[in-house]
Amino acid sequence: MTDVALFGAGRIGKIHAGNLVRQAGVRLRYVVDVNPTAAGELAQKYGAQVRSADQAFDDAAVKAVVIGSSTDTHADLIRRAATAKKAIFCEKPVDLSLTRARECQKTVIEAGITCLIGFQRRYDPTFAALKERLSAGEIGEPEMLVVTSRDPGAPPVDYIKVSGGIFKDMLIHDFDIFRWILGDEAASVYATGSCLTDPAIATAGDIDSTAVTIRTKKGRLAQINTSRRAAYGYDQRFEVLGSKGMLQAGNHRPTEVIAATAASVSRDKPEHFFLERYRVAYANEMAHFFDALATGALVRTSIDDGVKALELAEAATTSWREKRIVEL
Ligand SMILES: NC(=O)c1ccc[n+]([C@@H]2O[C@H](COP(=O)([O-])OP(=O)(O)OC[C@H]3O[C@@H](n4cnc5c(N)ncnc54)[C@H](O)[C@@H]3O)[C@@H](O)[C@H]2O)c1
């Protein structure tokens, strides 16, 4: 039996708890959260116990930790878990500071432990099927990637103030998609952006709409367009143009019912937000983590991927602030 301690009993912690108790041979032993009510409710739901971080790290029976607590806690928890030789599943981003993220990477590598970073989009069945067909050569060599990533609405401004900015908070996932799909690293990044949906976001020093252009080391091109607001819901699409054709990954809808009337032909809007759209991806990601622990295989989204995506987010932030192309 693999005993696990879960850090964070918030939105994503609840999803991860539900997925991890479904893994064969895995037990949710402890829930750790600075909010005792949140910790107690989640622990009770799954027959776990509430513990402090010290107690969880000191217990040799705990072989793995799942970190779904607030972003500013990740680096310290990764460091402590690596030192205690516990396997790590940690939500994105590794940290908001590239320096601290690189220190975490070094600690993890030196400890020789498994560390998965939560880029769940790679585990989404539609995106993974596209990647498989791309790798099988169906459209030849990939040349261009266009990513559309729009949220249904912005988070509260208090969250935006501590989020690290749109590039580190939101586009970090799109930067990971870019690296994964094109199988290449960025040579240059140009990012521009505006505050178009809510002036309070500008007052908080951030933007809500971005357009990013990346050129890779092999000369491939990518465009990423994002918005914190889409009136029709969560819009998550991308297309890859290759030498022999194109592959597109579209949105998922709650149902495939189409209504045709004298007025219009209509269908469901995309699934509401990430908890719905990536429900299966989160489950697959958790299964992959414990499979990797059982078999000793490498994880598909490692701390190196976490650091690389953060490098791009940092470059995009600099590009936007300084209105210039950033070379990597
Ligand atoms: N991969 C994804 O799609 C995805 C989606 C949502 C959130 N996230 C990431 O997950 C993390 C949590 O986001 P959320 O939306 O669940 O936030 P949330 O605010 O709902 O939950 C965070 C929880 O962490 C707890 N916490 C704070 N400090 C702690 C500490 N020192 N030890 C233990 N618990 C602590 C809080 O009390 C809270 O219950 C963030 O880093 C976020 O970037 C990833």
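The values are calculated or read from the model by the stated rules, or taken from the named source; none is laboratory data. Just so you know, these numbers come straight off a predicted model, no measurement behind them. As a convention, Cβ positions derive from the backbone with ideal geometry for all residues, glycine included, and neighbour counts pool all protein chains shown.
Does the range 114-130 hold any residues that are surrounded by 19 or more Cβ atoms within 10 Å (Cβ to Cβ) and touching a helix residue (DSSP H, G or I) at 6+ places or on another chain (Cβ under 7 Å), and which are they?
Passing the criteria: 114, 115, 116, 117, 118, 119, 120, 121, 122, 123, 124, 127.
Quickly run through the range 1-21 and pick out the residues that are buried (at least 23 other Cβ atoms within 10 Å of the Cβ) and either closer than 18 Å to residue 292 by Cα or hydrophobic (A, V, I, L, M, F, W, C) (or both).
Of all residues in the range 1-21, those buried (at least 23 other Cβ atoms within 10 Å of the Cβ) come to 4-9, 13, 16-17, 20.
Correct list: 4, 5, 6, 7, 9, 16, 17, 20.
Within the range 62-81, identify whether any single residue is more than 16 Å from the ligand (Cβ to nearest atom), out of contact with any Ser or Thr (no Cβ under 7 Å at 6 or more places or on another chain) and not in a strand (DSSP E or B), and answer yes or no.
No, the conditions are met nowhere in the range 62-81.
Sort out which residues of the range 22-45 are within 16 Å of the ligand (Cβ to nearest atom) and either exposed (fewer than 15 other Cβ atoms within 10 Å of the Cβ) or assigned to a helix (DSSP H, G or I) (or both), and write them in order of number. Give the steps one after another, and end with the answer.
Here is the first cut: in the range 22-45, the residues within 16 Å of the ligand (Cβ to nearest atom) are 28-45.
Those that are within 16 Å of the ligand (Cβ to nearest atom) and either exposed (fewer than 15 other Cβ atoms within 10 Å of the Cβ) or assigned to a helix (DSSP H, G or I) (or both): 34, 35, 36, 37, 38, 39, 40, 41, 42, 43, 44, 45.
Does any residue in the range 75-100 that is under 16 Å from residue 117 (Cβ atoms) come within less than 8 Å, Cβ to Cβ, of a residue that is more than 14 Å from the ligand (Cβ to nearest atom) and among the acidic types (Asp, Glu) six or more places away or on a different chain, and which pairs are these?
Correct list of pairs: 75/103; 79/103; 82/110; 98/311; 98/314.
Within the range 142-225, considering only strands (runs of 3 or more DSSP E) that don't extend past its boundaries, which have at least 1 residues that are free of Cβ contacts under 8 Å to residues at least 40 places away in the same chain?
Values: elements: 142-150, 186-194, 209-216.
Ranges flagged: 186-194, 209-216.
Consider residue 185 carefully, then state whether it is of a type in the set (D, E, K, R), within 21 Å of the chain's Cα centre (by Cα) and either farther than 25 Å from residue 304 by Cβ or surrounded by fewer than 19 Cβ atoms within 10 Å (Cβ to Cβ) (or both). So that I can check it myself, show each step before the final result.
Details: of a type in the set (D, E, K, R): yes; within 21 Å of the chain's Cα centre (by Cα): yes; either farther than 25 Å from residue 304 by Cβ or surrounded by fewer than 19 Cβ atoms within 10 Å (Cβ to Cβ) (or both): yes.
When the stated conditions are applied, residue 185 passes them.
Suppose we filter 135, 149 for residues that are surrounded by 14 or more Cβ atoms within 10 Å (Cβ to Cβ), modelled with pLDDT of 95 or more and of a type outside the set (D, E, K, R); which single one remains? Break it down stepwise before answering.
Values: 135 fails: surrounded by 14 or more Cβ atoms within 10 Å (Cβ to Cβ).
Sole residue among the options that is surrounded by 14 or more Cβ atoms within 10 Å (Cβ to Cβ), modelled with pLDDT of 95 or more and of a type outside the set (D, E, K, R): 149.
Mind counting the residues in the range 81-109 that are surrounded by fewer than 19 Cβ atoms within 10 Å (Cβ to Cβ) and within 26 Å of residue 1 (Cα to Cα)?
4
Regarding residue 54, is this residue part of a strand (DSSP E or B), more than 9 Å from the ligand (Cβ to nearest atom) and among the acidic types (Asp, Glu)?
Working: part of a strand (DSSP E or B): no; more than 9 Å from the ligand (Cβ to nearest atom): yes; among the acidic types (Asp, Glu): yes.
No.
Within the range 5-21, take every residue that is β-branched (Val, Ile, Thr) and assigned to a helix (DSSP H, G or I) and give me the one that is nearest to the ligand (Cβ to nearest atom).
So, considering only residues that are β-branched (Val, Ile, Thr) and assigned to a helix (DSSP H, G or I), the one nearest to the ligand (Cβ to nearest atom) is 12.
Among the numbered conditions (1) within 16 Å of the ligand (Cβ to nearest atom); (2) part of a loop (DSSP other than H, G, I, E, B); (3) more than 24 Å from the chain's Cα centre (by Cα), tell me where residue 92 comes up short.
(3)
When you look at residue 68, is it more than 23 Å from the chain's Cα centre (by Cα) and either of a type outside the set (A, V, I, L, M, F, W, C) or more than 19 Å from residue 13 (Cβ to Cβ) (or both), yes or no? Explain how you work it out, then say what you get.
Values: more than 23 Å from the chain's Cα centre (by Cα): no; either of a type outside the set (A, V, I, L, M, F, W, C) or more than 19 Å from residue 13 (Cβ to Cβ) (or both): yes.
Taking the combined requirement at face value, the residue does not satisfy it.
Would you confirm whether or not the range 102-110 contains a residue that is closer than 16 Å to residue 12 by Cβ, outside any loop (DSSP other than H, G, I, E, B) and either within 11 Å of the ligand (Cβ to nearest atom) or charged (D, E, K, R) (or both)?
Going through the range 102-110, the residues closer than 16 Å to residue 12 by Cβ turn out to be none.
So far as the range 102-110 goes, no, none of its residues is closer than 16 Å to residue 12 by Cβ, outside any loop (DSSP other than H, G, I, E, B) and either within 11 Å of the ligand (Cβ to nearest atom) or charged (D, E, K, R) (or both).
Conditions tested, residue by residue: (1) touching a strand residue (DSSP E or B) at 6+ places or on another chain (Cβ under 8 Å); (2) among the acidic types (Asp, Glu); (3) modelled with pLDDT of 95 or more.
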residue	(1), (2), (3)
166	yes, no, yes
171	yes, no, yes
174	yes, yes, yes
178	yes, no, yes
184	yes, yes, yes
196	yes, no, yes
199	no, no, yes
202	no, no, yes
207	yes, no, yes
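Only one of these is within 16 Å of the ligand (Cβ to nearest atom), out of contact with any Pro (no Cβ under 8 Å at 6 or more places or on another chain) and of a type in the set (D, E, K, R): 235, 206. Name it. Show your work before the answer.
Numbers: 235 fails: out of contact with any Pro (no Cβ under 8 Å at 6 or more places or on another chain).
Going through 235, 206 in turn, the sole match is 206.
Whether any residue in the range 113-134 is of a type in the set (D, E, K, R) and over 28 Å from residue 271 (Cβ atoms) is what I want to check.
Of all residues in the range 113-134, those of a type in the set (D, E, K, R) come to 121-122, 124, 131-133.
Applying the additional criterion that residues be over 28 Å from residue 271 (Cβ atoms) yields none.
No - not one qualifying residue is present in the range 113-134.
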